[in-house]
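Have a look at the structure below before the remarks.
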């Protein structure tokens, strides 16, 4: 693993544990086992470091979801494959949860901007997939962006909020079944 990647992973751990505001470049350097100056050779400040982590996470998630897509199967089958793949990112979603928590409590502008970036990127990605399904005649005509927003918020509610109220996280298959039997059934033309 190269130095930049080590720094990104160390920073992601620090942001997840301590939040954006409480994380210092010194903490990141200790976790990454590099000098503080080494961090500054790659990132000019903490905000730039967070932005790189967020954009890398989004790219990884969309790349993984795209990798399981199969143009020969239905939109619903692809939706299941993509959701099951995204559920493997639960650990990284803890960073997102920490950012939400910090934004609510401290109203940190950099964190608010990162949360908007995450939502915009994911919603754009899902909107495009819904529009493709509508064009193929597999999804009922609908406001694709609003449905993408609903899916995103419901997804995060089940993987993040549910665990706060219950002892155990929901199993991936149960989350998929709930989405399939409610939201996706309502969207599907032939269900």
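Helix 90-106 and the long axis of the chain differ in direction by around 70°, with both axes built from C-alpha atoms. Pairwise Cα distances in region 139-191 exceed 14 Å for 58 percent of all pairs.
So how do 176, 162 line up by other beta-carbon neighbours within 10 Å, fewest first? Let's see the in-between values first.
Working: 176 18, 162 14.
So the residues, fewest neighbours to most, are 162, 176.
Nearest 10 degrees, 0 to 90: what angle lies between the long axis of helix 75-87 and the longest principal axis of the chain (Cα atoms)? For helix 75-87, the angle is close to 20 degrees.
The simple Förster model, with R0 at 25 Å and r as the Cβ-Cβ distance, assigns residue 2 and residue 84 a FRET efficiency of 0.25. Compactness of the chain was expressed as the Cα radius of gyration divided by 2.2 N^0.38 Å, which yields 1.13.
For the chain, what does the helix formula give at 222 nm: sum of -39500 (n - 2.57) over DSSP H segments with n ≥ 4, over the residue count, nearest 500 deg cm²/dmol? Spell out each step's value before the answer.
Values: 10 runs with 140 residues, N = 191.
Counting only the DSSP helices, I get -23500 deg cm²/dmol.
The alpha-carbon positions of region 16-111 define a convex hull whose volume is 118 Å³ per residue.
Each reported figure results from applying straightforward, stated rules to the coordinates on display, with no laboratory input. Only a predicted model underlies this, so the values are computations on that prediction, with no experimental measurement involved. Positions of Cβ are generated from backbone atoms using ideal geometry, with glycine treated the same way; all protein chains shown enter the neighbour counts.
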